[in-house]
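In what follows, a single structure is set out as structure tokens and then discussed.
The values are calculated or read from the model by the stated rules, or taken from the named source; none is laboratory data. Note that the coordinates shown come from a computational prediction; the quantities given were computed from them, not determined experimentally. Heads up, the Cβs are rebuilt from the backbone with ideal geometry, glycines too, and the neighbour counts pull from every protein chain shown. Note: areas computed on protein heavy atoms with side chains; ligands, DNA, RNA excluded. Shrake-Rupley method; radii C 1.70, N 1.55, O 1.52, S 1.80 Å.
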Amino acid sequence: MSEVSKAKKTALDLPPMNVVKEAQKLIAIPSVTGKEGRIGEYLHDRFRELGCDTRLIEAAPGRYNVTAFWPGQEMEPGLLFHGHLDTIPVYNMEKPFEPFIRDGHIWGRGSVDQKGGIAAVLSAFRELIAGGKPLRYGVGFVGVIDEESEHRGSMMLESMNIKAKQAIVTEPTGLKVGLGCKGSIPFTVTVKGRASHGCRPWLGVNAVEYGMKIAAELLAEELPVFKPKGLDQVQASLNLGLMNGGVAYNRVPDECELCFDRRLVPGEDQNEIIQQIREMVGRYKQIEGLEISVDIARPDWNWQPIKERGLKPAITNRGEPIVAAVISAHRQVTGQEPLLYFTDGYNEMDFLINDLGIPTVQYGPGDSSLCHTDLEKLDIEQLTGCASVYLRAALDICGGTDGN
Ligand SMILES: [Zn+2]
């Protein structure tokens, strides 16, 4: 399954690296989810050229997680950068894999989500290694597949024995500092009733009517609010995204499907929530002719392990060294105080915090509102700034003698 290749551990006479060109190279290698093979190999080679210990690990057939490590004096890695290698599909984007520069931005699929972040990591590694300063702790990178779908790359992190004192998820934040993310449960309620002619509805059991009642009851439920220390409060949420049912106006529908998206705040648990929903809909099962089931389901999820684990909420304590290191590096690079926040979205800091126990912040270049759109473009100023912030944070956490 895996191939291990080791490289030199001494500082090299490295060629200069232009982080903008590096981002363009990464964008030019298509890596839509399921087809991350080439970009994995490319990154493996790039980090090896810099002198890192690198590994290419087959996480799914032909799809590789990549790790790179630059050692310090101690065995334990100090800082780990995490990024995902896959992008969403092209959709209607023009020139998705021919990145061009316009208005101070690099345009292309994956520019924001999240090849800019990975280019910034490469650049930080290059500067760190070329600087030649001995580190107390090593610096690592892990690039994972499948973030946009079943999270097969990050699901493997535990078995890859990934360790670090602190971590940065390099997903775009517009250079804000993300301290936490919500979890997510995609679930479907399937209601089965009994069909009859629409002129005699009393002979049937109307699945759409019961589906509406169940939806109304679920949506009326009060959901928890989480108050992270020093940040705006965060609200758990439930969205009814899709409702299917019925075939004709004059027929009592015998099936109705409701697809929900439940977002969790810290302290909430997938199994408990699904259990509560099953208990709630269980009351309707007493109605003769009505059957109801609740399942974790998403159109692109066929893999049982991710349904069972779920996508958990996560938060890092503000007092962790990584928070101070990123704030301080951001301040030095931009001259401004960064904004700290808890995102309504989900990201894979979940796996680092909940599975590996590594305090993690999310910090990366690009406007996250452009993710998953056909206007995806990466702000070049943020990209270059981010590379400097990563370098300083790494020196700070890993004990370089000079963070400037
Ligand atoms: Zn992403």
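Just a few scattered comments:
- Pairing each residue of segment 31-59 that is assigned to a helix (DSSP H, G or I) with any residue that is open to solvent by 10 Å² or more (accessible area, probe 1.4 Å) and at pLDDT below 95, provided the two are 6+ apart or on different chains, yields C-beta distances under 6 Å for Arg48/Ala7.
- Filter result (more than 16 Å from the ligand (Cβ to nearest atom) and within 14 Å of the chain's Cα centre (by Cα)) within segment 158-182: Leu179, Gly180
- Here Phe81 meets the list (1) surrounded by 21 or more Cβ atoms within 10 Å (Cβ to Cβ); (2) of a type outside the set (A, V, I, L, M); (3) over 20 Å from Asp350 (Cβ atoms) almost entirely, failing just condition (3).
- Residue check for Asp379: more than 14 Å from Thr170 (Cα to Cα) and more than 14 Å from the chain's Cα centre (by Cα): yes
- Remark: Thr33 falls outside the filter, which requires a residue to be open to solvent by 40 Å² or more (accessible area, probe 1.4 Å) and at pLDDT below 95.
Let's see how each residue does on (1) open to solvent by 50 Å² or more (accessible area, probe 1.4 Å); (2) assigned to a helix (DSSP H, G or I):
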| position | (1), (2) |
| --- | --- |
| Gly289 | no, no |
| Arg298 | yes, no |
| Ile306 | no, yes |
| Gly319 | yes, no |
| Ile322 | no, yes |
| Ala325 | no, yes |
| Ser328 | no, yes |
| Arg331 | yes, yes |
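- Pair list, Cβ under 9 Å, 6 or more apart: segment 338-349 residue in contact (Cβ under 8 Å) with a residue 24 or more places away in the chain, other residue away from the ligand (no atom under 16 Å from the Cβ) and of a type in the set (Asp, Glu): Tyr341/Asp232; Phe342/Asp232
- Lone unmet requirement of (1) within 21 Å of Leu26 (Cα to Cα); (2) among the small types (Gly, Ala, Ser); (3) outside any loop (DSSP other than H, G, I, E, B) for Ser149: (3)
- Residue in segment 217-226 that is in a strand (DSSP E or B), exposed (fewer than 13 other Cβ atoms within 10 Å of the Cβ), of a type outside the set (Lys, Arg) and under 31 Å from the mean Cα position of the chain (by Cα) present: yes
- Lone qualifier among Leu352, Leu375 - being within 15 Å of the ligand (Cβ to nearest atom) and aliphatic (A, V, I, L, M): Leu352
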